[in-house]
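Data first, discussion second: the structure below is written as structure tokens.
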Amino acid sequence: MVWSLIKAFLFVLVIAGLTLAAGLLADTSGGIRIEAAGWEFTLGPLQALIAGLVLMALVWLVFKVLGLVLAALRFLNGDETAISRYFDRNRERKGYRALSEGLMALASGEHRLAMNRAQAAEKLLGKPELTTLLVAQAAEAAGDKARATEAYKALLADDKTRFVAVRGLLMQRLAEGDTETALKLAEKAFELRPKHAETQDLLLKLQSDAGDWSGARATLGAKLKTGALPKDVYRRRDAVLALQEAATVMNESSTIEAREAAIEANRRSPDLIPAAAMAARGYIEKGDKKNAARVVKKAWEVLPHPDLAAAFAEIEPDEAPPDRLKRFKTLLAVQPDADETRLLHGELLVAAEDFPGARRALGDLADRHPTQRALALMAAIARGEGADDAVVRELIGRALAAPRGRQWCCDKCQAVQSSWHPVCDNCGGFDTLSWREPPKAAPVPAGLADLMPLLEAMPKPAPVVERPVEAEIVDLDEIARRGA
């Protein structure tokens, strides 16, 4: 309020001062006389003041006109001026409008329009880090792969856009199925951005598909360092890669390296069944039967599995069935109530021709959980106990029509695999296979059980070497011969 009063007082004071000065100037006698070219002008004080102000305005206007003329000349000469800046701003405004329209067209699926607007923005803006990327994506969406490749290659020259360019070329090669070039591009992208999670996953998959297990383990270690992977998950997946690396080395007939790699995989993840089985076989090759049995028993505590039983049998391959049954008691005592333990116990007793004991070992498993393996064992037991052929045929028919039971199933796509692999053959998922029953049993061909009389009438195959522990479904004819 006070400040407003002060401003009003000052305004009145200034007006009063100007009025007083004008009055004094009007009352002043005399003036200014100007003579030029025979002309004479006499100006009073007030007129002289007005003339001076007009003259100053004319001088200012002349300087402005001269500045405009000079700016025009500089503009025509190519120098930066206010006029050039005006046109630049206008061009930039149009370029960003074209860029925005191109992005909207790309998002709405109008790929050709997006391509045209991207090219217009490229001409107007002169910023390749923005417009060339839009050109590449629009060309790729429109199906112009050559133009997209050309745009991505142009982006390689700038450090700020090199990663985006490499990633774009990588996706192109993957779409074309050129996994060899894609792997090299993924390695380059990983080198540029080692913390990029998508690049890490993609490189890991390509390395796994190519069988580069040591490289995949290095990539997995980088994921752990960046915090993209929990430590327990890292140990498990590193064990999976170490196991596959061991299998590769074994295929190359380098048993010492294979044994060491398998043992390392088992140490990293003792619950990994294939690693435990391979490690046990590695100890067997080394002659260390004690550690082989220890590895199998430790893995059996986590999950009883036929592969573990087969590896345990290989510790003493030439022992008689009664001796094998006696040695297996330490393994059977680990999880005595598990279905796999009951089936293994029944197979060992059938091999030892103790058919009543085998029936007791199975208990109600064939009724509670009828699988091919359980019903096949029941058929062998029935034949060994002297049951009628009709009873045996009925059990064999039920076995052929029953589900297989636990198998290696992918947790991602639910596909059933014949054996364990680190990568699912169906969906490409890494470390997704687990030993369980599939959600839906595979369909059984109609009338298969009715063909059993014909199957029984067929000639028996030649005798085979005795396999006391089966990793797959029990051979029905072999069990039948044992019980006959």
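Can you report the number of residues in the range 337-388 which are surrounded by fewer than 17 Cβ atoms within 10 Å (Cβ to Cβ), assigned to a loop (DSSP other than H, G, I, E, B) and either acidic (Asp, Glu) or in contact with a helix residue (DSSP H, G or I) (Cβ under 8 Å, 6 or more places away or on another chain) (or both)?
7
Answer yes or no as to whether residue 201 is within 27 Å of residue 238 (Cβ to Cβ) and at pLDDT 85 or above.
yes
Just to check your reading of the model, which residue among 161, 131, 199 is among the polar types (S, T, N, Q), touching a helix residue (DSSP H, G or I) at 6+ places or on another chain (Cβ under 9 Å) and either free of Cβ contacts under 8 Å to residues at least 24 places away in the same chain or within 25 Å of residue 429 (Cβ to Cβ) (or both)?
Answer to the selection: 199.
Please work out if residue 51 is surrounded by 11 or more Cβ atoms within 10 Å (Cβ to Cβ), of a type in the set (A, V, I, L, M), modelled with pLDDT of 70 or more and more than 60 Å from the chain's Cα centre (by Cα).
Against the criterion (surrounded by 11 or more Cβ atoms within 10 Å (Cβ to Cβ), of a type in the set (A, V, I, L, M), modelled with pLDDT of 70 or more and more than 60 Å from the chain's Cα centre (by Cα)), residue 51 qualifies.
From the list 20, 24, pick out the single residue that is over 60 Å from the mean Cα position of the chain (by Cα), at pLDDT below 70 and in a helix (DSSP H, G or I).
24
Residues are listed down the side, and each one gets a yes or a no for (1) at pLDDT below 90; (2) over 24 Å from residue 304 (Cα atoms):
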residue: 342; (1), (2): no, no
residue: 348; (1), (2): no, no
residue: 354; (1), (2): no, no
residue: 357; (1), (2): no, no
residue: 362; (1), (2): no, no
residue: 412; (1), (2): yes, no
residue: 420; (1), (2): yes, no
residue: 426; (1), (2): yes, yes
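Can you pull out the residues in the range 205-215 that are among the hydrophobic types (A, V, I, L, M, F, W, C) and either more than 21 Å from residue 171 (Cα to Cα) or at pLDDT 85 or above (or both)?
Within the range 205-215, 206, 213 qualify.
For the range 285-302, which residues satisfy the criterion of being surrounded by fewer than 20 Cβ atoms within 10 Å (Cβ to Cβ) and either farther than 17 Å from residue 408 by Cα or touching a Phe, Trp or Tyr at 6+ places or on another chain (Cβ under 6 Å) (or both)?
Result: 285, 286, 287, 288, 289, 290, 291, 294, 297, 298, 301.
Can you pull out every residue in the range 122-157 that is touching a Ser or Thr at 6+ places or on another chain (Cβ under 9 Å), farther than 20 Å from residue 112 by Cβ and surrounded by fewer than 19 Cβ atoms within 10 Å (Cβ to Cβ)?
Of everything in the range 122-157, those that are touching a Ser or Thr at 6+ places or on another chain (Cβ under 9 Å), farther than 20 Å from residue 112 by Cβ and surrounded by fewer than 19 Cβ atoms within 10 Å (Cβ to Cβ) turn out to be 125, 128, 129, 154.
Whether any residue in the range 127-142 is closer than 25 Å to residue 192 by Cβ, in a loop (DSSP other than H, G, I, E, B) and modelled with pLDDT under 75 is what I want to check.
yes
The values are calculated or read from the model by the stated rules, or taken from the named source; none is laboratory data. Treat the numbers as computed from the prediction; the structure is a model and nothing was measured. For neighbour counting, all protein chains shown are included, and Cβ atoms are generated from backbone atoms with ideal geometry for every residue, glycine included.
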